[in-house]
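Have a look at the structure below, then the notes.
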Amino acid sequence: MIKEYISELCDILEISEPAISYDASDFSTKTTMAQYAPYEDIIYIRKKEKPDPDYMFAIAHEVRHAWQFRTNETFYFKDYKSSDQIENLEAYNMQIAEIDANAFAGIVMTDFFSLAPKWHGFTEKNIKAIKARIEYLITTELK
């Protein structure tokens with residue numbers, strides 16, 4: 001099911017499918033569900049018996065990172081800092097790569113599953129930026 005989901009997302013984004021690995025041994029936290037390794041072109045996914053909305057959101061988010069690296073790495077990642085290199089979570093989530101990946105995943109959740117993300121853990125500033133990016137994506141790129 002997950003492979004088919006990723007395949008469908010890649011079709012929407014018009015990219016080839018990255019490799020998939022269920023080896024989560026290098027995840028930095030126990031709550032990390034998915035992670036994209038750009039130079040290996042692999043999406044690492046924590047295996048779950050029953051995928052839930054957060055899990056599907058995380059996978060869509062990481063597929064969007066694959067698209068970002070392939071289409072405009074400089075724009076999305078020129079000044080990118082990982083969460084352990086940045087002062088706080090709000091600043092991390094305000095990076096264009098994260099805003100865009102969260103916006104894409106939000107669109108996917110609404111379109112595929114009829115679920116509106118609740119944006120738990122995001123500040124009002126983050127949510128405003130993500131919603132603006134959603135509007136941009138649905139009126140330009142994902143028409």
Unique residue being farther than 23 Å from Phe27 by Cβ, without any contact (Cβ under 8 Å) to a residue 40 or more places away in the chain and part of a loop (DSSP other than H, G, I, E, B) when the list is Ala103, Ala116: Ala116
Criterion violated by Glu87 - all others in (1) part of a loop (DSSP other than H, G, I, E, B); (2) within 22 Å of Lys118 (Cβ to Cβ) satisfied: (2)
The listed residue being touching a helix residue (DSSP H, G or I) at 6+ places or on another chain (Cβ under 8 Å) and closer than 17 Å to Glu14 by Cα, out of Phe69, Phe122, Phe77, Phe112: Phe69
Tabulated pairs, segment 43-56, first closer than 16 Å to Leu9 by Cβ, second outside any strand (DSSP E or B), C-beta under 6 angstrom, 6+ apart or interchain: Ile43/Pro18; Ile43/Glu62; Ile45/Tyr22; Pro53/Leu115; Tyr55/Met33; Tyr55/Lys48
Identity of the residue in segment 104-124, on the phi > 0 side of the Ramachandran plot and open to solvent by 40 Å² or more (accessible area, probe 1.4 Å), that ends up modelled with the highest pLDDT: Ser114
Any hit, segment 26-34, residues being closer than 18 Å to Leu142 by Cα, open to solvent by less than 80 Å² (accessible area, probe 1.4 Å) and touching a helix residue (DSSP H, G or I) at 6+ places or on another chain (Cβ under 9 Å): no
Extreme residue, least open to solvent (accessible area, probe 1.4 Å), among residues of segment 69-94 that are under 23 Å from Tyr22 (Cβ atoms) and out of contact with any Pro (no Cβ under 8 Å at 6 or more places or on another chain): Ser82
Unique match (being among the aromatic types (Phe, Trp, Tyr), within 15 Å of the chain's Cα centre (by Cα) and part of a strand (DSSP E or B)) among Tyr76, Tyr5, Tyr44, Tyr55: Tyr44
Filter pass, Met56 being touching a helix residue (DSSP H, G or I) at 6+ places or on another chain (Cβ under 8 Å) and open to solvent by less than 20 Å² (accessible area, probe 1.4 Å): yes
Close pairs (6 angstrom Cβ cut-off, 6 or more residues apart or separate chains): closer than 19 Å to Met56 by Cβ in segment 20-33, exposed (fewer than 14 other Cβ atoms within 10 Å of the Cβ) and of a type outside the set (Phe, Trp, Tyr) anywhere: Tyr22/Lys47
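The values are calculated or read from the model by the stated rules, or taken from the named source; none is laboratory data. Quantities reported herein were computed from a predicted structural model and do not represent experimental measurements. Using ideal geometry, Cβ is built from the backbone for each residue, glycine included, and neighbour counts are taken over all protein chains shown. Remember, those area values only see protein heavy atoms, side chains included, never the ligands or the DNA or RNA. Shrake-Rupley method; radii C 1.70, N 1.55, O 1.52, S 1.80 Å.
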